[in-house]
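Take a look at the structure below.
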There are 2 protein chains.
Amino acid sequence: MRTADKRVAILSPVAWRTPPRQYGAWETVAGNIAEGLVARGWDVTLFATRDSVTRARLHAVVDKGYEEDCSIDPKVAEYLHISETFEHASEFDIIHSHYDFMALSYTRLVKTPVLTTIHGFSSPRIMPVYEKYRDGYFVSVSNADRAPGLNYLATVYNGIDLSLYPLQQSRGGDLIFLGRVHPDKGVHLAIAVARMSGLPLLIAGIIQDQAYFREQVEPHLDEAIRYIGPVDVPGKNELFGRARALLHLNTIPERFGLVLAEANAAGVPVIAMDLGSCREVIDDGRTGFLVQNVHEAVRALTRLPEIDGGACRKRVHDKFSVDTMVAAYERVYAAVFEMEETRQHEARYCSAI
Amino acid sequence: MRTADKRVAILSPVAWRTPPRQYGAWETVAGNIAEGLVARGWDVTLFATRDSVTRARLHAVVDKGYEEDCSIDPKVAEYLHISETFEHASEFDIIHSHYDFMALSYTRLVKTPVLTTIHGFSSPRIMPVYEKYRDGYFVSVSNADRAPGLNYLATVYNGIDLSLYPLQQSRGGDLIFLGRVHPDKGVHLAIAVARMSGLPLLIAGIIQDQAYFREQVEPHLDEAIRYIGPVDVPGKNELFGRARALLHLNTIPERFGLVLAEANAAGVPVIAMDLGSCREVIDDGRTGFLVQNVHEAVRALTRLPEIDGGACRKRVHDKFSVDTMVAAYERVYAAVFEMEETRQHEARYCSAI
């Protein structure tokens, strides 16, 4: 397949800019795919906010991320943005959607095949849409995060831009937490580990659940346990430079866990709850430790010297780099194009007899 | 035009059943149009919740109104329901949408013409969608509730089923308020009028703004001023039977005001704030009084004997009945069919030369 002949539309969410300034995993991955495809010679149009930064052709109808500009109605932005992509469907050989169930509802109104990367099922209440469109083309971001019955073509792990997260030359002394401040992410468990071990903890990320922050995080903040707000890429690297380990004690199954790969890329070991995708992203005993509870997490701290930062980065390079991800998506696209040709051939054949 | 040859899809919202059990103006009107068209011989498919009641063909993918069943995600229901309608577009000669800006986002993906009745602009933030699709076919529900620049084909006043609201044989003694308990609807002003006049007030309707109810309604409730919750059609008639007048002291421009027509149908005079559509629905001095403030409303109470209940009902029959509304929509549909034929003819002509 000569990739340059094929025109790809990448449909990124518009909650945040692509790539996001700070938080925004879905936009990060959609952006990385667009950049990676461009680097490999594809003709790529990125549907994202107008302030997005990309080497692909940018197509935008929403000025800014609705999470970044409260004058924008999220619902209005989503309907305008998604439908705009589908109104231009005939200009593309494939639409690669990162826009959850909402985009699925337009797929049967266009002829262009639509591949959906499912970045996570936010609620069981969205499943009726996936059930209706189950015969679409789907990719999971981990083997753990799959719904039964969907037409999955592959699991493609998220890829990060390793150049953004250089290998730290030495290990720091702090525990770090990086992610949304939300019960799902187990910030309270990270705090418990810090208290039990007597090690300092730096907490970074947006506060998504104010009550949780107020009740289960804020009362514990002091000299040793600090909340520093959301961080951008330089901020993350500063954290990684001070890190003894990243604590990721999620309380629900992780879908992928981009931050685990980012920490590992910088050579930072990860102590993660063994739920969902964590055992796919972390190689237990080599790039971090999988634990079942807070006590195991505390014990794992004593084993951190076993982890080699270079080996952590090497594994991210091999399995979670943009290039690895994009190469995998190229194979998925090829499979979609082949299935579409078969379908069209069958349709022609059926109409001829 | 032989109407029986044309297939109409009526796209009703799925916040409530069609027709709604209690509150739900948009579903009421969409349902009335469907029933009215069936009565006049059209082939009608109503897209609404599965528990809807209609003589049209019912097409449903959402079991219940998302306001009536909290297990349903409103966003999921809307995307599933609206897209289902458009996926069946080729089966219809016209889709008549009552689904606000969301449905507009699908219109360019189908060939079937879509007529949108705009039941109101909920926020300036939704205007970008109307601006994008301004060349669609639009109907306003009052001359007052129009946005500049849209391709309006007509104002068609909402029509009610007069048989549901029989003429009350005698005037009651109470003031009544019927509508959402929300600052927009001026419940606090109705309470002020009751206090100043010394007349009892019955307040009926869903509480849409809990803080408003708690702070500006509840403290005033006593023997004379009572809140009785939402009411169904028999409940409304009971209220109309006790009514001296309906107070509708809206604080923002009314879009149509279905309840004004319902009260008038039962012979109940309406005292309404002169904002938005009220002066189109109420004939000042004949079916009620238009006022500028609470003091004028109190003064208007003394003039209620001038209002003849039969004349109120007669005006509703002439201007706000289902039959009047549906006859108007038939003219609008005919205009759409004609414009579509011209467009197709021009398209053929252009492609031929």
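The values are calculated or read from the model by the stated rules, or taken from the named source; none is laboratory data. Because the structure is predicted, anything quoted here is derived from the model rather than measured. For neighbour counting, all protein chains shown are included, and Cβ atoms are generated from backbone atoms with ideal geometry for every residue, glycine included. Accessible surface areas use protein heavy atoms only, side chains included; no ligands, DNA or RNA. Shrake-Rupley method; radii C 1.70, N 1.55, O 1.52, S 1.80 Å.
Points worth noting:
- Residue and distance (whole Å) for the chain B Cβ nearest the axis that superposes B on A: B:Leu109, 2
- Starting from the label point of A:Phe337 at 7 Å along Cα→Cβ, the same points in the other copies fall at 4.7 nm, in ascending order.
- Antiparallel content of DSSP bridges confined to chain B, in %, to 5: 0
- Per residue, the average separation of C-alpha pairs within less than 8 Å and at least 6 apart gives chain A a relative contact order of 14 percent.
- Fraction of the pair-distance distribution of region B:245-353 above 26 Å, Cα-Cα pairs, percent: 36
- Derived from the Cα gyration tensor, the three semi-axes of the equivalent ellipsoid of region B:77-125 are 19, 12, 9 Å, largest first.
- Net +/- balance of residues flanking A:Leu202 in space, Cβ distance below 9 Å, scoring K and R +1, D and E -1: +1
- Among B:Ala328, B:Ala311, B:Val294 the positive-end extreme of the charge dipole of region B:276-353 (Cβ point charges): B:Val294
- Whole-number accessible area per residue in Å² for chain B, which is evaluated in the context of all protein chains at 1.4 Å: 41
- On the beta carbon distance between A:Gln216 and A:Met339, with R0 = 51 Å, the FRET formula returns roughly 0.60.
- Pairwise Cα distances in region B:56-171 exceed 24 Å for 39 percent of all pairs.
- Options B:Thr117, B:Asn264, B:Ala192, ranked by Cα towards positive dipole end of chain B, top entry (Cβ charges): B:Asn264
- Sorted shortest first, the separations between the A:Ala311 label point and its copies elsewhere in the assembly read 9.4 nm; each point sits 7 Å from Cα along the Cα-to-Cβ line.
- Charging the Cβ of each Asp and Glu at -1 and of each Lys and Arg at +1, and nothing else, the dipole of the protein assembly as shown about its Cα centre rounds to 120 debye.
- Interface size A-B, as summed buried accessible area [1.4 Å probe, Å², nearest 100]: 2400
- Residue by residue along A:103-110, Cβ atoms of other protein chains within 10 Å of the local Cβ number 5 on average.
- For the segment B:118-126, counting C-beta atoms of other chains within 10 Å of every residue's C-beta and taking the mean gives 2.
- Translational diffusion of the protein assembly as shown, µm² s⁻¹ [Kirkwood Rh, Cα pairs; Stokes-Einstein; 37 °C; 0.692 mPa s]: 114
- Overall, the accessible surface of chain B at a probe of 1.4 angstrom is composed of carbon and sulfur to the extent of 49 percent.
- Count Lys and Arg as plus one, Asp and Glu as minus one, and take only other residues whose Cβ is under 14 Å from that of B:Thr18; the net charge is then -1.
- Kirkwood hydrodynamic radius of region A:121-273, Cα pairs, Å: 16.9
- Cα extents for region A:3-129 along the principal axes, largest to smallest and rounded to whole angstrom: 38, 33, 23.
- Residue among B:Ser351, B:Ile160, B:Leu104 farthest towards the positive dipole end of chain B, charges placed on Cβ: B:Ile160
- Along each principal axis, taking the top coordinate minus the bottom one, the Cα set of chain B gives 76, 43, 36 Å in descending order.
- Ranked from shortest, the separations from the 7 Å Cα-to-Cβ label point of B:Ala211 to its equivalents in the other copies are 1.7 nm.
- Partner shielding of B:72-84 amounts to 6, given as the average count of beta-carbon atoms from other chains within 10 Å of each residue beta-carbon.
- Mean Cα-pair separation over length for region A:1-117, i.e. relative contact order, pairs under 8 Å, 6 or more apart, %: 28
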